[in-house]
Structure formats: C-alpha cells, structure tokens
Amino acid sequence: MTAQSSILKKTSLTFCLCILILGCGIAEYEEQANQTIDFVAEADEADKLLGYPVEIPAPKDGNGTVVSKPTFLRLPRENYSRPYPDFVRGKGMLLVKYGKQKGSTVIPRDVFLAYSDETEGGVFKDGVLEHFEAKTEKKKLPSLKLKDDVKSDQYYFTNSSSETIHLFLAFEEKVAVIFKYDLDKQQGKKQEMVSERSMRTFRLNDNAVKAKNQWDLKQQYEGGDKKP
C-alpha cells in the first residue's frame, strides 16, 4: 500500500466517523463507529482480490415484470463488472454473464447471476443445476450463511466439458451465483477461496442499495480507477 493510499483510507474512515458523531448519541455512535471500522477493514481486504460492483440489467418477463432484483456483488479484479449485452433464458430462470478481461489468466473464467422467473415451485433450482450440467458429479457443500441472514446452498462439480463449477444458490431469494473455472485441481482451494470471498460481498434488495451507497462514499473519498 502506498503512502498516498494509506492517507486516503484514513481520511475516508475519519470522514465516516465524523458523520456518525454529528448524527448519533454516544451508544448509537459507538455501534455505528464499530460497524464503519469493520466495513472499512473488510473492504480493504476485499480490495486485494475484488473489483467494482457488478452492473445489473433489468430484463422483463412476458408480463413486463423486471426479473432481476437490486444486487450488490464484487467479482475478482480481472472479471468485468459490466455484463454481456445478451442475457440467456433457461428453465425457470434468466442468466446474466460476466466474462474476464482479454488476456487475463485469472480465475474464474466466467461468472453468472441467475434470477428466477419460474411460475412453479422448484423449477428454478432444477433449472440452474440442469443448465450447468450438474449430474452425478455434483457435490453439495455445507450451506453458506451470507450477510443479512441470506442462506445459500453450495454445489461444487465438474461438467461434461471438464469445467469446474462453484454454484451458490440462495433458493429462498430465487437468486444464484455461478463461478465457472477451467479445471485445475492444483488451483481448487484458491478457486473456492476467491469465489467465497466474492460471495461475502453479496447483498440483495434494500441491503444492496445500502452497500452500493457505502461503496460510492468510499470511492468518493479514496478515488478509484475506471471500472472495467
């Protein structure tokens, strides 16, 4: 970390704390100050691996209802934050794809966000697994508890194209995040670490909006590179 970067980070934290002091009582100040410190520390850790929050398109179903929902998610640094212009409709779902930058060797190769447009219960989960060819190879990992008490089932498997898939399915929210890698057993642990670190930034709906506001405030006082 450069001296300038360190000063900017301290300035950002000081600014946040001043806002809290002006608008809160002592007890509330202490609670929110601790939350702010935790947020800055976690954001600094994430900055080592992750890039800008993804942009979320708003495609509509046949009734004109937007299928996606406000989502905050930071992907690995060399993945684009802007999605492919075309989205894919699958069984009970809509897929948004985020690729990696040209010439990048970073993992994962592609990341997908899947939103349910199902009309019958259970179609979304089956549709996601089917689309990514989760057959006998699939391995269900322990559920991962995300921020805001969102629970996510994890699947880790290899498909028929010898691609490694790490899938997080927040079934109750009808949203899934899919990380697709080139198969590399030596990189397996690193793959899991990167995708799980990305998922720690995952927020939905009003909480996604709050997370984006925090991000914008941090960028305003620290500066930031042009997003990919």
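Computed quantities for the displayed model
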read-out: Pairwise label distance in nanometres, Gln220 with Asp61, each label 7 Å out on the Cα-Cβ vector; value: 3.7
read-out: Pairs from Lys174/Lys218; Lys48/Lys212; Lys60/Lys218; Lys151/Lys218; Lys91/Lys180; Lys190/Lys218 whose Cα-Cα separation, in the structure shown, is over 21 Å; value: Lys174/Lys218; Lys60/Lys218; Lys151/Lys218; Lys190/Lys218
read-out: Per-residue ³J(HN,Hα) for the stretch 196-206, Karplus 6.51 cos²θ - 1.76 cosθ + 1.60, θ = phi - 60°, Hz, x for Gly and Pro; value: 5, 5, 4, 5, 5, 8, 5, 9, 10, 6, 4
read-out: Phi to ³J(HN,Hα) by Karplus 6.51 cos²θ - 1.76 cosθ + 1.60 over the stretch 59-68, Hz, x for Gly, Pro; value: x, 10, 7, x, 8, x, 8, 5, 7, 6
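Every number here is computed from the coordinates shown, using simple stated rules; none is lab data. Small disclaimer: the values here were computed from a predicted structure and weren't measured. Virtual Cβ from ideal backbone geometry, glycine too; neighbours counted across all protein chains shown.
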